[in-house]
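Peer 1: Sharing a structure here in structure tokens format.
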Amino acid sequence: MTNKWFSKRCKWASVTRAAFLLAALGAPARGLAGDAPGWLHALATVPLPKYADDPDVVRLLDERIITVKDSGEIKTLYRRAYRILRPQGRQHGTVVIRFDNETRLTSLKAWCIPAQGKDYEVKEKDAVETSLSEELYSDQRTKILTIPAAETGSVIGYEYEQKARPYILQHIWWFQDVHPVREAHLTLQLPPGWEYKANWLNYPEQQPAPLPNNQWRWDLANLAAVPQEPAMPPAEAVEGRLVILYFPNADHQKSVGSWNDLAKWYGGLTAGRREASPEIKQKVTALTAGTPSTLEKIRALVSFLQREIRYVAIEIGIGGYQPHGAQEVFSRRYGDCKDKVTLLSTMLHEIGVDSYYVIIHSRRGVATPNSPPALGSFNHVILAIRLPADVSTSTLYAVAKHEKLGSLLYFDPTDPFTPLGYLPSSLQANYGLLVTEQGGEMLQLPLLPPSTNRLLRMGKLTLSPSGTLTGEVQEVRWGEPAVSRRARLLDVQGAGRTKMLESFLASFLGGFTLTKAAVGNLEKYDENLVLDYSFVAESYAKKAGNLLLVRPRVLGQNSSDLLERKERKYPFQFSAASMETDTFEIALPAGYEVDELPPPVEVDYGFAAYSSKIEVSGSILKYSRTYQVKDVLVPTTQLGELKKFYRQVAADEFSSAVLRRTGP
Amino acid sequence: MGRWRVLPCVFFLGILLLITGGPLALAGDDWLPISPGELAMKSHPASPEAHAVILYREEQTDDTTSSTTYYFRLKIFTEEGKERANIEIPYLKELMTIRDIKARVIRPDGSVANFEGKPFDKTLVKGRGIKFLAKTFTLPEVQVGSIIEYKYKQEWDRFLLFDTHWIIPQDLFTVRARFSLKPFRGLFPLRWINLRIPDGKVAREDKGVIHLELENIPAFQKEEYMPPENELKSRVDFFYSSSSEMDPTKFWKEEGKRLYEEVDKFVGHRKGIERAAAEIVAPDDPPEIKLRKLYARAQQIRNLSIERRRTEKEEQREKLKDLENVEEVLKRGYGSGRQITWLFLALARGAGFQAWPVMVSRRNEYFFNPNALDRRQLNDNIVLVRLDSRDLFLDPGTAFCPFGMLPWGETGVQGLRLEKDGGAFVTTTLPPSSASRIERRASLELGESSALEGKLSVTLTGLEALRRRLEDRDEDEAGHRKSLEDEIKEWLPVGSTVELENSPDWKGPEEPLRAEFKIRMPNWANSAGRRLLFPVTLFAGSRQHRFTHATRVYPVYFDFPFQTVDEMTLKLPLIFQVSSLPEARNRQTSFGQYEMSCQAQGGTLRVVRRLSSEGLLIPLEYYSGLRGFFEMVRTGDDEQVVLQAVQVGQRN
């Protein structure tokens, strides 16, 4: 099955849409009477242990038999079976198979062995097909087959065969799942004279059972479920996988035994795509005229790419991996990630700046130097810009030194809101494959320091004797907080922006009225995003006899209850290193004095730090705090500390100052 | 069957709207002229923050040639607006063709880039004899300030005749829109109804063609607690009718007769049913007991309407057959919700009650309009029974629906009571807020570490219980547990733990849904020096806030009136005594009532809170008052209890 570059969002959303359409269009598949095969019946009789956490299903079998022909054609037979344990497991009765012109589906059958009664059988003709995807158009298609009687207690299974002529001779086997897996098998049949290489990740290496005629079989049993936990690394980063490379021992052209091989392959695929047409040259000249410094020229070209080249993905065949030529992208003014990178690289070359493709996964942790080299480990392409010596890096944070190429500035032209010098948070500290003329290597992209991802919130407020809080707040954001908020603000229209702000305030204030709201630099992506707003919040301070109770932390929440749920198995991942500072100055009402204040807080756990304090100067109560995330990954050994950290933050956020009435 | 078949267009239209958000343009190269104003436009004053506006929209349907031509012209104002240059035109391949697609981009300087590519045929769904495709293409060189326009012609099989619907508002502001329909003149007369068309305009017939032209149509937007979308969007609905009657009173009388005949065929006067009714009730049962027994018996029938949709083969194997009459429903022990309701009607009559079939219009998706002469509005069935001198509306076909109640969509709606002469319109009852309650009773203890823990009992009654039972009907025990525990966590502060301790009755329609929990809130009280502070109500930390926005566009719509009653007893730590309690509140408004009181006795606090919401449809002009009411509720809930540290012996 292919995993083409690049879809910006998960394709399953589209499959769900197709399933919905299917439901709207008509009845589920007609099931036919027919006996389930022996292998499924054998699985149905297997006694199961008691599983923890009430899984919806148990995957009884995950089997694939890969037959490689001398011609390079690959035939793979897939078998899957589940026992449905709970009503939620019924969704497994909808079989979803993806294929395209390079991975043809040649057969598909499915069965159900109900808890009572005869078996059911459904075939490919009972399935529906869709090509819905996030791309505007793709040749990827999906067959959706509904298995009858997929109820609690039923055993369901399916079998399908695909024929492929892959671009690269390798197979990735993700054998773990969110549910427990009872048994899993992979059989590899190679032609005489062919060899294989097996790479394991997140699972101990297993030796295959040798079978006659250049055939091997790997057997796994009782695989633990990989639970989905909030803020965990992506499932692909923690699930066990086997990557098998196979090749004729005399010809390694279509195999990639190393990252360097993969980079070479990609280098070959992109050869000739970065040719500048006269129109491109003319545009580069026009964009960079009057900008003497190289950095300003780069900025001008980047701005053109971000603003003028629309993201549109049209992926057919090898087009899932291979970019369109720069001239085509330029003339149409649209393209996907690899197209945008290709055009930007071409334009940069015209001003004497070299740049390189960086193939990457949009979720941090999926591909690392320890991962077996595999095409399917990536879904995105960005650019590494080789900075000339005259370019100052003082405002460029996404820069890393390369021992041969010097300073490399990583940049993602697909992200319209992240300016040059910054990197989208999911790409920071992520690994990407740098593709150069000589081949390539896996490199870690820089983690930008907290100071580059800032939110500064400053409020000047006045409290009345009745408890009404009035005043103005200014928020200044740059880095990741600016990118995420800018994207949300730009996404809505009309009164949506005001409503967004009202929803935010409603989390902290009851009975409030937003009296002013303004957004500064909304469409100036290189500048700080500034929000200015004013509000009146009645009954903000609570009266209690002659006391007035005030929460000094007026707005903003840094605490979280994610660690208060079930015991976690995996590390905790923040989106970015960041720093948030809140300062609220509250003018106290006449006739009141401070009676008691919450104590200051000062904690630092290495991965994150928090400090807060309250000062009283005359009639002004000043609350200030700083919340800082210093590392994006908190290992499981430190989850207890993270939990404690969040509780300390929460205690501070909900603490109150007590004011006492002094006058009559 | 003649040459033409009338197909309900609602189905197809729904699918089309699902994909595009609305239909879209004229065949040929005759583009309309572009004004300098359109080229220079940077934003539109009526929609200043919009990503784009529709400058012109045209939809011309000709039922004599089985075709519609569409024309769309949009102005792009922002980067996000450029997404509008990706076009998908869905169609059913077996029934329709899309042809003469033309598209172009007019750059801000007025120069033109024509679309010269070939649209892709994207498969949306293919299989089982259906091919649902979309002509897909994108326009080149689209920039902020560009105008994009496209047009195409949709043609369909000449043996089909679709209903037409002009849905006026789109998700973008529309500067000008023109619609026309040339009807087919044949066996079925065309009717149409203008619904909420702005500026007092209506679709009018001129020389055999119906026209409507509108300007400055606001974009449609979604809001919380809004009435069904169908009730808000202005539209013109056309339908070819098998009835020639144009007078609403006569039309519904005629339809009432037809419906009565259909129901009568299914229900009839069957001896077997009379015998069954006699076996279910005892002769000396009071009438209400008799009726309740018959209702309970009907609800024992396996209700296929709430079960998973089965494949044909499953139905064959289970020997589920189409049922011809109520006797078969009773004999076979299964039926659809509708059939079960008609069985109850027959049983009630068989036991000697006066009972009538009633077809109602559920208000979940639209409100009944008697002037829309379309019987499909009457989309559900209930039974009207005379019990002593009372009229009761009953719907045993809705699983878990208690005797005497209707599911909320059927409450307070118009229905047609069916009789031989056609019957008459009736209005179903709307239960008071007291009939649908959430009662929360907590017995808790505040620890010296500021943690609050103890027991919480939650009881749902009436429509609250019915809704919950229907929503969770497919869950197993673990699923029910998770669903309930998650909901309680939503009411409590972040970090609270909740554990269900009983097995609620998820099936019994007549019993409230009662769940018992053990709860713990680790940081309930805040420490401020020698004081402890905490909110007076347990559920003040709820993350759900109603009506946070100062303005809205549409009226507020609640599904049904409801009440929430909370009673909490809280044992205080020995080393603290009450320093201050919030004042009692009792506020009665036309929107509802809020009452909260807090008393301390010994070392225990007792808090009682009641909230009732009485409104169903609150006009926009009252929004500010409604918002104020719910803000007052939140303020009351947030009031603080203050405890002060004392020596144990000093406690008062």
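The values are calculated or read from the model by the stated rules, or taken from the named source; none is laboratory data. Computed from a predicted structure; not experimentally measured. All Cβ positions, even for glycine, are placed from backbone atoms using ideal geometry, and neighbour counts span all protein chains on display.
Peer 1: Looking only at the range A:400-420, how many residues end up being within 18 Å of A:Leu434 (Cβ to Cβ) and surrounded by fewer than 20 Cβ atoms within 10 Å (Cβ to Cβ)? Break it down stepwise before answering.
Peer 2: Just the residues of the range A:400-420 that are within 18 Å of A:Leu434 (Cβ to Cβ), to begin with: A:400-414.
From what's left, surrounded by fewer than 20 Cβ atoms within 10 Å (Cβ to Cβ): A:400-407.
Matching residues across the range A:400-420 total 8.
Peer 1: Does B:Arg587 satisfy being within 29 Å of B:Thr411 (Cβ to Cβ) and in a strand (DSSP E or B)?
Peer 2: Numbers: within 29 Å of B:Thr411 (Cβ to Cβ): yes; in a strand (DSSP E or B): yes.
Criteria met by B:Arg587.
Peer 1: Filtering the range A:115-159 down to residues that are of a type in the set (Asp, Glu) and part of a loop (DSSP other than H, G, I, E, B), which residue is nearest to the chain's Cα centre (by Cα)?
Peer 2: The extreme case among them is A:Glu134.
Peer 1: If a residue must be in contact with a helix residue (DSSP H, G or I) (Cβ under 6 Å, 6 or more places away or on another chain), within 19 Å of B:Phe120 (Cβ to Cβ) and within 8 Å of chain B (Cβ to nearest Cβ), how many such residues does the range A:129-156 contain?
Peer 2: 2
Peer 1: Given the criteria within 14 Å of chain A (Cβ to nearest Cβ) and either of a type in the set (Gly, Ala, Ser) or within 23 Å of B:Glu58 (Cβ to Cβ) (or both), does B:Ala177 qualify? Before you say what the answer is, go through the steps one by one.
Peer 2: Numbers: within 14 Å of chain A (Cβ to nearest Cβ): no; either of a type in the set (Gly, Ala, Ser) or within 23 Å of B:Glu58 (Cβ to Cβ) (or both): yes.
So B:Ala177 fails the test.
Peer 1: Against the condition within 14 Å of chain A (Cβ to nearest Cβ) and at pLDDT 95 or above, how does B:Ile438 come out, does it pass? Walk me through it before giving the result.
Peer 2: Numbers: within 14 Å of chain A (Cβ to nearest Cβ): no; at pLDDT 95 or above: yes.
Considered against the rule, which asks whether it is within 14 Å of chain A (Cβ to nearest Cβ) and at pLDDT 95 or above, B:Ile438 comes out as no.
Peer 1: Further question on the same structure: Please go through the range B:67-119 and give me each residue that is among the small types (Gly, Ala, Ser), more than 10 Å from chain A (Cβ to nearest Cβ) and in contact with a Ser or Thr (Cβ under 7 Å, 6 or more places away or on another chain), ordered by number. Walk me through it before giving the result.
Peer 2: Taking the range B:67-119 and keeping what is among the small types (Gly, Ala, Ser), we get B:67, B:81, B:85, B:103, B:110-111, B:113, B:117.
This time we only want the ones that are more than 10 Å from chain A (Cβ to nearest Cβ), so: B:67, B:103, B:110-111.
Scanning the range B:67-119 gives no hits.
Results for (1) modelled with pLDDT of 95 or more; (2) surrounded by fewer than 23 Cβ atoms within 10 Å (Cβ to Cβ); (3) over 21 Å from A:Gly93 (Cβ atoms), shown as yes or no for each residue.
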{"residue": "A:Leu105", "(1), (2), (3)": "yes, yes, no"}
{"residue": "A:Ile113", "(1), (2), (3)": "yes, no, no"}
{"residue": "A:Leu136", "(1), (2), (3)": "no, yes, yes"}
{"residue": "A:Ala149", "(1), (2), (3)": "no, no, no"}
{"residue": "A:Ile156", "(1), (2), (3)": "yes, no, no"}
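Peer 1: Which condition does B:His269 not pass, out of (1) more than 14 Å from chain A (Cβ to nearest Cβ); (2) assigned to a helix (DSSP H, G or I), if it passes all the others?
Peer 2: Condition (2) is where B:His269 drops out.
Peer 1: Still on this structure, I have one more. Going residue by residue through the range B:541-550, is there one that turns out to be of a type in the set (Val, Ile, Thr), over 16 Å from B:Arg440 (Cβ atoms) and more than 14 Å from chain A (Cβ to nearest Cβ)? Step through it out loud before you land on a result.
Peer 2: Step one: filter the range B:541-550 for residues of a type in the set (Val, Ile, Thr), giving B:548.
Then keep just the ones that are over 16 Å from B:Arg440 (Cβ atoms); that gives B:548.
Now restrict to residues that are more than 14 Å from chain A (Cβ to nearest Cβ): none.
The answer is no; no qualifying residue exists.
Peer 1: Cβ contacts < 6 Å: first residue within 21 Å of B:Trp156 (Cα to Cα), restricted to the range B:39-65; second residue part of a loop (DSSP other than H, G, I, E, B), any location; separation 6+ or different chain. Result?
Peer 2: If the second residue must be part of a loop (DSSP other than H, G, I, E, B), the pairs left are B:Asp63/B:Pro183; B:Asp63/B:Phe184; B:Thr64/B:Phe184.
Peer 1: Only residues that are under 29 Å from the mean Cα position of the chain (by Cα), over 11 Å from A:Pro372 (Cα atoms) and at pLDDT 85 or above: list them for the range A:245-261, please. Lay out the reasoning, then the answer.
Peer 2: Going through the range A:245-261, the residues under 29 Å from the mean Cα position of the chain (by Cα) turn out to be A:245, A:255-261.
Filter again for over 11 Å from A:Pro372 (Cα atoms), leaving A:255, A:260-261.
If the condition is that a residue be under 29 Å from the mean Cα position of the chain (by Cα), over 11 Å from A:Pro372 (Cα atoms) and at pLDDT 85 or above, then A:Asn260, A:Asp261 are the ones that fit.
Peer 1: Name every residue in the range A:437-488 that is surrounded by fewer than 18 Cβ atoms within 10 Å (Cβ to Cβ) and within 14 Å of another protein chain (Cβ to nearest Cβ), in order of residue number.
Peer 2: A:Ser466, A:Thr468, A:Ala487, A:Arg488
Peer 1: Consider B:Thr78 carefully, then state whether it is closer than 25 Å to B:Ala177 by Cα, in a loop (DSSP other than H, G, I, E, B) and not acidic (Asp, Glu). If you could, list the steps in order and put the result at the bottom.
Peer 2: Numbers: closer than 25 Å to B:Ala177 by Cα: yes; in a loop (DSSP other than H, G, I, E, B): yes; not acidic (Asp, Glu): yes.
Criteria met by B:Thr78.
Peer 1: Considering only the range A:365-406, how many residues are under 28 Å from A:Tyr246 (Cα atoms) and part of a loop (DSSP other than H, G, I, E, B)?
Peer 2: Matching residues across the range A:365-406 total 12.
Peer 1: Condition first: surrounded by 13 or more Cβ atoms within 10 Å (Cβ to Cβ), closer than 25 Å to A:Trp218 by Cβ and not hydrophobic (A, V, I, L, M, F, W, C). Now tell me which residues in the range A:31-72 satisfy that.
Peer 2: A:Pro37, A:His41, A:Tyr51, A:Pro55, A:Arg59, A:Asp62, A:Glu63, A:Arg64, A:Thr67, A:Lys69, A:Gly72
Peer 1: So in the range A:307-329, with the set limited to residues that are part of a helix (DSSP H, G or I) and surrounded by fewer than 23 Cβ atoms within 10 Å (Cβ to Cβ), which one is farthest from the other protein chains (Cβ to nearest Cβ)? Outline the logic, then answer.
Peer 2: Filtering the range A:307-329 down to residues part of a helix (DSSP H, G or I) leaves A:307-308, A:317-320, A:326-329.
Of the ones still in play, those that are also surrounded by fewer than 23 Cβ atoms within 10 Å (Cβ to Cβ) are A:307-308, A:317-319, A:327-328.
Working: A:Arg307: 7, A:Glu308: 7, A:Gly317: 14, A:Ile318: 17, A:Gly319: 13, A:Gln327: 13, A:Glu328: 10 Å.
Top of the filtered list is A:Ile318.
Peer 1: Taking the residues in the range A:428-483 that are of a type in the set (Asp, Glu) and not in a loop (DSSP other than H, G, I, E, B) as candidates, determine which candidate is farthest from the chain's Cα centre (by Cα). It would help to see each step written out before you state the result.
Peer 2: Pass one, the range A:428-483, residues of a type in the set (Asp, Glu): A:437, A:441, A:472, A:475, A:480.
Next cut, not in a loop (DSSP other than H, G, I, E, B) only: A:441, A:472, A:475, A:480.
Details: A:Glu441: 22, A:Glu472: 36, A:Glu475: 27, A:Glu480: 15 Å.
Per the stated criteria, the residue is A:Glu472.
Peer 1: Another question, if that's okay. Give me the strands (runs of 3 or more DSSP E) completely within the range B:86-132, filtered to those with at least 1 residues that are hydrophobic (A, V, I, L, M, F, W, C) and over 20 Å from B:Ile76 (Cα atoms), ordered by residue number. It would help to see each step written out before you state the result.
Peer 2: Working: elements: B:86-92, B:96-106, B:112-114, B:120-127.
Qualifying strands (runs of 3 or more DSSP E): B:86-92, B:96-106, B:120-127.
Peer 1: Restricted to the range A:509-522, and to residues that are within 16 Å of A:Glu475 (Cα to Cα) and either surrounded by 15 or more Cβ atoms within 10 Å (Cβ to Cβ) or charged (D, E, K, R) (or both), which residue is farthest from the other protein chains (Cβ to nearest Cβ)?
Peer 2: It comes out as A:Asn521.
Peer 1: Moving to a separate point now. Within the range A:557-568, identify whether any single residue is over 30 Å from A:Ala225 (Cα atoms) and either buried (at least 21 other Cβ atoms within 10 Å of the Cβ) or not β-branched (Val, Ile, Thr) (or both), and answer yes or no.
Peer 2: Going through the range A:557-568, the residues over 30 Å from A:Ala225 (Cα atoms) turn out to be A:557-558.
Those left that are additionally either buried (at least 21 other Cβ atoms within 10 Å of the Cβ) or not β-branched (Val, Ile, Thr) (or both): A:557-558.
There is at least one residue in the range A:557-568 that is over 30 Å from A:Ala225 (Cα atoms) and either buried (at least 21 other Cβ atoms within 10 Å of the Cβ) or not β-branched (Val, Ile, Thr) (or both).
Peer 1: Given the criterion of a type in the set (A, V, I, L, M, F, W, C) and closer than 30 Å to A:Ala398 by Cβ, identify the matching residue among A:Ala650, A:Ala608, A:Ala657, A:Ala587.
Peer 2: Details: A:Ala650 fails: closer than 30 Å to A:Ala398 by Cβ; A:Ala657 fails: closer than 30 Å to A:Ala398 by Cβ; A:Ala587 fails: closer than 30 Å to A:Ala398 by Cβ.
Being of a type in the set (A, V, I, L, M, F, W, C) and closer than 30 Å to A:Ala398 by Cβ holds for just one of A:Ala650, A:Ala608, A:Ala657, A:Ala587, which is A:Ala608.
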